[in-house]
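The values are calculated or read from the model by the stated rules, or taken from the named source; none is laboratory data. The structure displayed is predicted, hence computed values, not measured ones. Cβ atoms come from the backbone with ideal geometry, glycine included; neighbour counts cover every protein chain shown. Note: areas computed on protein heavy atoms with side chains; ligands, DNA, RNA excluded. Shrake-Rupley method; radii C 1.70, N 1.55, O 1.52, S 1.80 Å.
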Amino acid sequence: MKHVLASIASALFAVAAMAYPKADVLVSYKYHHFGITVGGETVKEYNYTYILLANSTASKFYSPQSEYLDSLHSTPSGRALENQLMQIGVQKYITTGDDSAIPRYKGQLYVYKSVQDSTTTVYDTYGLGQVGKYTEPIADIVWEMGDSTKNILGYECQTAMADYHGRRWKVWFTPEIPLKDGPWKLCGLPGLILEAHEDSGQHSFSATGIERTDKEMIPVYMPERYDNIGRKEMLKEYRAYLLNGKIITGIIINSTPDGTTTGADPAKGEVHHEVDFLETDYRE
């Protein structure tokens with residue numbers, strides 16, 4: 001434990017010289033999505049924990065597990081510790097078949113919104129060992145207000161719907177927390193978004209906890225390692241990687257625009273189930 005704390009402290013020291021905004025609220029979300037499979041296999045489901053740190057001027061949406069690994073990668077002592085953890089995890093897997101102790105990323109997406117600059121900066125993976133970033137205007141989403149209400153985590157929420165980058169979203173937001181923010185890129189409502197589902201059922205975000213915080217919103221560790229790349233280019237590159245770079249493992253992405261269909265594999269005559277990314281307009 002002392003080694004873990006020392007490694008994290010070293011990583012934090014490396015960014016301590018820079019001033020970052022402090023959050024007012026920390027929201028935990030469950031991000032649910034389907035894996036990409038073919039050949040008649042059952043579609044694998046994933047549930048990842050994401051965190052939203054937010055105040056009225058900025059926010060950061062990220063995976064705490066992935067940020068922890070990035071913090072280790074940012075220092076020599078941290079990389080040494082990760083190697084030790086990997087050896088321990090692999091040994092446990094060999095002995096028991098349980099791979100839960102192997103350190104692994106659980107979503108490499110970071111979304112940093114700056115209200116002051118009216119920009120959103122996204123950091124993500126787009127291939128084997130490849131990570132990129134792009135900056136775009138904060139999403140100007142045209143929301144249609146609904147008349148349904150429900151209680152989420154003790155907060156009274158209203159519903160709204162909108163189309164965004166190829167998908168139709170339905171969200172629940174609470175005016176009781178007057179931050180125009182939410183999970184991922186979703187924002188722009190008169191209250192914090194606590195739940196979001198897109199119509200195909202492939203992706204959803206659900207708040208699991210809310211608390212006060214003054215944690216600094218450090219965008220990412222080692223920002224220099226991210227390639228500058230356009231949003232659609234990044235998605236196309238990642239799609240090409242999944243289609244071609246992993247073809248030997250039989251992983252494929254749906255070729256339809258909305259990612260909602262299933263079909264038969266002409267080579268094997270088997271039914272396969274497929275999904276697509278959070279944004280599908282890169283196909284246009």
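Please give the length that would be gained between D199 and D117 if that part of the chain were fully extended, namely 0.36 nm times their separation in residues minus their C-alpha to C-alpha distance (nm, one decimal). Can you show the working numbers first?
Values: separation 82, 0.36 × 82 = 29.52 nm, distance 3.12 nm.
Result: 26.4 nm gained on full extension.
May I ask you to rank M222, M234, M86 by accessible area, largest first, using a 1.4 Å probe over the protein chains only? Spell out each step's value before the answer.
Working: M222 40, M234 10, M86 70 Å².
Heavy-atom accessible area, descending, gives M86, M222, M234.
How high is the relative contact order of segment 63-128, in percent, counting Cα pairs under 8 Å that sit 6 or more residues apart?
Details: 66 pairs, mean separation 18.1, N = 66.
Normalised by residue count, the contact order of segment 63-128 is 27 percent.
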Hey, what do the phi angles of segment 91-108 turn into as Karplus ³J(HN,Hα) couplings, whole Hz, using 6.51/-1.76/1.60 and θ = phi - 60°, x for Gly and Pro?
4, 5, 5, 4, 7, 10, x, 9, 9, 5, 8, 6, x, 8, 6, 10, x, 9
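How would you order 186-194, 20-28 from highest to lowest mean count of nearby Cβ atoms within 10 Å?
Values: 186-194: 22.6, 20-28: 18.0.
Highest-to-lowest ranking by the protection proxy: 186-194, 20-28.
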In debye, nearest 20: dipole of segment 126-184 around its Cα centre with unit charges on the Cβ of K, R (+) and D, E (-)?
260
State the answer as a single residue: which of Q91, Y164, Y134 lies farthest towards the positive end of the charge dipole of segment 78-180, with beta carbon charges of +1 for Lys and Arg and -1 for Asp and Glu, about the Cα centre.
Q91
Cα-centred dipole magnitude for segment 58-170, charges only on beta-carbon of K, R (+1) and D, E (-1), debye, nearest 20:
260
Where labels lie 7 Å past Cα in the beta-carbon direction, separation of A19 and Q91 in nm
4.8
Using Cα centres only, tell me the gap between segment 157-221 and segment 123-150 in whole Å.
10
Between their Cα atoms, which of K113/K232; K30/K92; K22/K170; K113/K180 are more than 21 Å away from each other?
K30/K92; K22/K170
Label-point separation (nm) for K44 and L243, each offset 7 Å from Cα along Cα-to-Cβ?
2.2
Charge dipole magnitude, Cβ of K and R +1, D and E -1 - segment 109-251, Cα centre, debye nearest 20:
460
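Using R₀ = 51 Å, calculate the FRET efficiency as 1/(1 + (r/R₀)^6) where r is the Cβ-Cβ separation of R104 and S148; round to 0.05. Numbers along the way, then the final one.
Numbers: r = 38 Å, r/R0 = 0.75.
With R0 = 51 Å, the Cβ-Cβ based efficiency is 0.85.
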What ³J(HN,Hα) values, in whole Hz, does the Karplus curve 6.51 cos²θ - 1.76 cosθ + 1.60 give for segment 117-126 when θ = phi - 60°, with x put for Gly and Pro?
8, 6, 10, 10, 10, 10, 10, 7, 8, 9
